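Note sheet for the following structure.
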Amino acid sequence: MAYTAEVSRTNPSCFLFLIDQSGSMQDIMDPATKRTKAQFVADAINRLLQNLVIRCAKAEGVRDYYHVGVIGYGAQVGPAFGGKLAGQELIPIGQVADTPARIDERAKKVDDGAGGLVDQKIRFPIWFEPVANGGTPMCEAFTGAARILRGWLGQHPDSFPPIVVNITDGEATDTGNDPDRLPGLAQSLKQLTTSDGEVLLFNLHVSSHGGSPIEFPDAEAGLPDQYARLLFGMSSLLPEYLQRAARQEEYRITADTRGFIYNADMVAVIRFLDIGTRPSNLR
Amino acid sequence: MRVSAHAFWLPKDGNLDEEYEDAFQPNPIEAEPAAPCLRYAIADGSSEGLLSGEWARMVTRTWCANPSTRQLADIDAAWLETVCAEWSGWLESYRRGREERGRPLRWYEEPGLERGAFSTLLGITLAHGGARWYAAAVGDSCLFQIRGDEMMVAFPLQRAADFTNSPLLIGSRRERNRGVLESVRRISGEWQGGDRFYLATDALAAWFLREAEAGGSPWRQLRELAAAHPNPSFDEWVRALRQAGHLRNDDVTLIELSIT
């Protein structure tokens, strides 16, 4: 149970993203930019997928180190990829790389190596557009995630454990007024295992409550509201390998640190993955 | 001085030969070269990054050929400038080649090419006059000098615990090389007839140091494997060590230099 299994094409790992597409996601997060929670969620999932693909990229192809699924929950609960990937629960990362819905082009100023800046075109793949519709059936999403992962674990019993990333405002509408229902389902998800460790559950909390972003806290104190505390409590403690990786990136990490982020970027999780030698020049 | 040289390499299990991202030079290695001054180098292209194998090959080839460092083996600013310039020319022709083949760069390749490729470098010069040797290293590829049944030198790392997953490496883009020249480790020494040198990339070097720390003589096993060259026993031996969990699954490269 040490999270030491090698991630390779013959022994891939798995990422399952759960994205909240409920009606409450149309709330404005930031009055200055009028950005909605749904836009934040779409950006977050697009950036996570983009960074995961790039970590697996080699010249002329992407190595299938991960199987990836995205489950949307709102008016419906189910696989959220569109186009050629529609309806598929888990697909190799290479297929995700090849089938974004569209690719945006933006200009970015970059160092020209001689003390100046030049414009460089950056291509941003987009898989998901903002969606905000219906209730927040998070319990159903967790149940579905457990079913999908049980199938995958049966075929990959010795792989590096799957990572589930749930992106939500935390306001589940299908708990039946049972405050323990959602934490119970989260617990069942985390109890699924490979021979290398338990499934990891990370939560990215998208809130219009404001306040400063929070990354990888180690205590409830200081969290802005009940939803943040709920999601924090459901999130996995960072296993030792992730603690090490996070410390290398200069996060303040303790044994109580959990995979929880409040109104910030979760792309750090992708950087923490061990897919081989990473030159320290890149830090 | 007569040198008998052998090189061995094997990609990571699960990877194809063309996915091997270490490099060694000269390649092919000449078993009994004759010259007053001989240079050998190995490099380990970072597994995170694009075209790392190509970069590792260019790093070793240019380092062994660079006239400014022919006598004293060194990794210096002039060489670094040369190899980065050669890489940007090569990369331009690579981009053009991809377009001509109808396979232009995909969106996911661009960030990696932008960051550049990264590699270790370990090089040694054996000089005939004065029976001296000189070595220089960036990163965790290692050199071991063996005399009789004793390890005289382990360089640049001395302990198995010194290996990390994020060494400072030589980047193909100039702006990523801040601190690299300052990190170059240098060493020199004397050689005698009968000495052997091993140049090994990290997975094998870590195994070597672990064995030595446990009181073993890993050089004996490598000697036997080199003596049996070129039969496939090296590949089988590496695979068995990986299977048993004694060797990290990574590209493996080894040069043995035996002086008589």
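The values are calculated or read from the model by the stated rules, or taken from the named source; none is laboratory data. Just so it is clear, the model here is predicted, and its values are computed rather than measured. In this analysis, Cβ positions are derived from the backbone assuming ideal geometry, glycine residues included, and neighbour counts consider all displayed protein chains.
Things to note:
- Within the range B:177-204, being basic (Lys, Arg) and part of a strand (DSSP E or B) holds for B:ARG185, B:ARG186, B:ARG196.
- The range A:74-106, subset in a strand (DSSP E or B) and either farther than 25 Å from A:ASP169 by Cβ or among the charged types (D, E, K, R) (or both), residue modelled with the lowest pLDDT: A:ARG106
- Residues located in the range B:2-26, provided they are under 12 Å from the mean Cα position of the chain (by Cα) and surrounded by fewer than 19 Cβ atoms within 10 Å (Cβ to Cβ): B:PRO26
- Selection of first residues in the range B:46-61 that are more than 9 Å from every other protein chain (Cβ to nearest Cβ) and closer than 19 Å to B:PRO111 by Cα and of second residues that are aromatic (Phe, Trp, Tyr) and not in a helix (DSSP H, G or I), restricted to Cβ pairs under 7 Å at least 6 apart or on distinct chains, gives the following pairs, ordered by first then second residue: B:GLY53/B:TYR20.
- Among residues of the range B:192-218, those that are touching a strand residue (DSSP E or B) at 6+ places or on another chain (Cβ under 7 Å) and without any contact (Cβ under 8 Å) to a residue 60 or more places away in the chain, counted: 3
- Exactly one residue among A:TYR66, A:TYR73 is within 29 Å of A:HIS209 (Cα to Cα), touching a Leu at 6+ places or on another chain (Cβ under 7 Å) and of a type in the set (Phe, Trp, Tyr), and that residue is A:TYR73.
- Residue under evaluation B:ALA137, criteria (1) in contact with a Ser or Thr (Cβ under 6 Å, 6 or more places away or on another chain); (2) crowded, with 16+ Cβ neighbours inside 10 Å; (3) more than 14 Å from chain A (Cβ to nearest Cβ), criterion not met: (1)
- Checked against (1) outside any helix (DSSP H, G or I); (2) basic (Lys, Arg); (3) more than 19 Å from B:TRP63 (Cβ to Cβ), B:ARG239 passes all but a single condition, namely (1).
- Only one entry in A:LEU238, A:LEU223 is under 21 Å from A:LEU16 (Cα atoms), crowded, with 19+ Cβ neighbours inside 10 Å and without any contact (Cβ under 8 Å) to a residue 40 or more places away in the chain, namely A:LEU238.
- If the condition is being buried (at least 20 other Cβ atoms within 10 Å of the Cβ) and of a type in the set (Asp, Glu), then the range A:15-36 contributes only A:ASP20.
- Being within 13 Å of chain A (Cβ to nearest Cβ), within 19 Å of B:SER172 (Cα to Cα) and assigned to a loop (DSSP other than H, G, I, E, B) is a description that does not apply to B:LEU91.
- Condition met for A:PRO161 (touching a helix residue (DSSP H, G or I) at 6+ places or on another chain (Cβ under 9 Å), touching a residue at least 60 places away in the same chain (Cβ under 8 Å) and outside any helix (DSSP H, G or I)): yes
- Among (1) free of Cβ contacts under 8 Å to residues at least 12 places away in the same chain; (2) part of a loop (DSSP other than H, G, I, E, B) - the single one A:HIS209 does not satisfy: (1)
- Pair list, Cβ < 8 Å and 6+ apart or interchain, from the range B:87-102 residues that are free of Cβ contacts under 8 Å to residues at least 40 places away in the same chain to residues that are of a type in the set (A, V, I, L, M) and assigned to a helix (DSSP H, G or I): B:TRP90/B:MET58
- Pairs, first modelled with pLDDT under 90 in the range A:257-283, second part of a loop (DSSP other than H, G, I, E, B) and among the aromatic types (Phe, Trp, Tyr), C-beta under 7 Å, six or more apart: A:ILE275/A:TYR65
- Qualifying residue in the range B:67-75 (condition: assigned to a helix (DSSP H, G or I), touching a residue at least 60 places away in the same chain (Cβ under 8 Å), of a type in the set (Val, Ile, Thr) and crowded, with 21+ Cβ neighbours inside 10 Å): no
- Strands (runs of 3 or more DSSP E) contained entirely in the range B:126-167, each with at least 3 residues that are of a type outside the set (A, V, I, L, M) and at pLDDT below 95: B:132-138
- Test: B:ARG174 is surrounded by 14 or more Cβ atoms within 10 Å (Cβ to Cβ) and away from every other protein chain (no Cβ under 14 Å): no
- Output for the range A:12-67, where each listed residue is outside any loop (DSSP other than H, G, I, E, B), more than 14 Å from every other protein chain (Cβ to nearest Cβ) and of a type in the set (Lys, Arg): A:ARG35, A:LYS37
- Residue pairs meeting the criteria (Cβ under 6 Å; at least 6 apart or on separate chains; first in a strand (DSSP E or B), in the range B:5-27; second among the hydroxyl-bearing types (Ser, Thr, Tyr)): B:TRP9/B:THR253; B:ASP22/B:THR201; B:ASP22/B:THR253; B:ALA23/B:THR60; B:PHE24/B:THR253; B:GLN25/B:THR60
- Residue match in the range B:111-129 (condition: crowded, with 23+ Cβ neighbours inside 10 Å and among the aromatic types (Phe, Trp, Tyr)): yes
- Of the criteria (1) over 17 Å from the mean Cα position of the chain (by Cα); (2) assigned to a helix (DSSP H, G or I), which one A:ASP174 fails: (2)
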